[in-house]
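Coordinate-derived values only; no laboratory data. What you are looking at is a predicted structure, and each value in this text was computed from that prediction instead of being measured. No Cβ is skipped: glycine too gets one built from the backbone with ideal geometry, and neighbour counts run over all protein chains shown.
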């Protein structure tokens with residue numbers, strides 16, 4: 001019986017022969033519990049970093065929102081009206097100055113002025129920062145830079161001041177936000193600005 005117990009320990013718990021040379025009764029049970037705990041620890045210790053990394057990944061998946069704003073596509077009626085007005089103004093500029101050079105300058109001016117309208121803007125917000133990507137431009141801001149959120153039907157404005165200030169329009173940042181995730185995004189933004197104070 002003792003020989004069988006010793007072989008069982010050696011096989012299942014990788015113990016030394018000297019450890020179980022004279023083992024029986026309560027001592028055998030105590031050693032069994034000790035090696036069983038050791039066996040469980042070594043098996044599951046490998047999984048702990050994986051579990052920790054998985055929790056971290058889940059956290060970032062849940063606490064991150066991505067969306068795209070492209071007014072040129074999102075508002076087709078407004079876009080058609082806007083282009084028609086620009087064409088009419090361009091024709092007037094040509095007849096007034098009688099030179100195509102001024103029409104080119106006019107076109108470049110309005111193209112650069114409404115740059116965010118012609119091309120899409122990609123927004124990403126998470127628990128660390130706000131990321132705005134446009135053509136040839138990438139803006140990253142931290143939540144601690146903002147103290148107040150103003151919400152309207154098109155999106156929200158992030159202000160670095162707790163109270164309204166004449167400088168907030170130049171130092172703040174307006175973000176267009178619409179679509180099915182709008183309410184979740186606004187709730188998340190309000191929470192992040194509140195916690196950053």
Inter-label distance for residue 162 and residue 135, nm, one decimal - labels placed 7 Å from Cα along Cα-to-Cβ: 4.3
What percent do you get for the relative contact order of the range 64-173 when only Cα pairs under 8 Å and 6+ apart count? 21
Honestly the range 125-197 on the Cα gyration tensor test (a ≥ b ≥ c root eigenvalues; a/c under 1.5 rounded, otherwise a/b vs b/c for prolate or oblate) is just rounded
Give me the base-10 log of I(q)/I(0) for the range 60-100 at each q in 0.18, 0.22 Å⁻¹, Debye formula, one uniform scatterer per Cα, rounded to two decimals. -0.66, -0.76
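Suppose a student asked you for the relative contact order of the range 125-197, using Cα pairs under 8 Å spaced at least 6 residues apart; what percent would you report? The partial results should precede the final answer.
Working: 93 pairs, mean separation 19.9, N = 73.
Over the range 125-197, the number comes to 27 percent.
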